[in-house]
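Colleague: Next up is a structure, given as structure tokens.
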Amino acid sequence: MTRDLIKNAENEDFKDMRRYESDTEFVYEIYFSKTALEGLKQLEKLNLINQARDLLELIQKDPFAQPPQYNKLVGNLDGFYSHRINIHHRLIYKVYEEEKKIKVLQL
């Protein structure tokens, strides 16, 4: 499951992904995979959308900012980073430093 998720997200071109719109000034552009968009809908139903939005706006300015603590993932998710939204949900993303873009894999 995780391997397929990563493969699909890695193969999604930025032009095919939905861009995150924000009112704040940012350094990075955020793009969502299809799985991440589905996760956003789920977070909205669970009343966690504000926490997710705050986290997205934070990583738009600096994807490696602390706090909150981020984790560099290993294994199948090597190259991805994770921030906790709450105990059950996390934001998984990959940073493309040269392009100043962030691809959100999962929420």
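Colleague: Give a residue-ordered list of calculated ³J(HN,Hα) values for region 96-107 (Karplus: 6.51 cos²θ - 1.76 cosθ + 1.60, θ = phi - 60°; whole Hz; x for Gly, Pro).
Modeller: In residue order, the calculated couplings are 10, 4, 5, 8, 6, 10, 10, 9, 8, 7, 7, 10 Hz.
Colleague: Please list, ordered by chain and number, the residues whose modelled amide H lies under 5 Å from the amide H of ARG90; skip anything fewer than 5 residues away on the same chain.
Modeller: Counting only residues 5 or more places away or on other chains, the set is ILE85.
Colleague: Using mean Cβ contacts within 10 Å as the protection proxy, how do 38-51, 93-106 order, highest first? Could the numbers behind the result be given before it?
Modeller: Values: 38-51: 14.4, 93-106: 17.7.
Packing order, densest peptide first, comes out as 93-106, 38-51.
Colleague: I've got another one for you. What does the extension gain come out to for TYR96 and VAL27, with contour length at 0.36 nm per residue minus their alpha carbon separation?
Modeller: Here the answer is 23.6 nm.
Here, each number is a calculation from the coordinates, and none is a lab measurement. Everything quoted here is computed from the prediction, not taken from an experiment. A quick note on method: Cβ atoms are made from the backbone with ideal geometry, for glycine too, and the neighbour counts reach across all protein chains shown.
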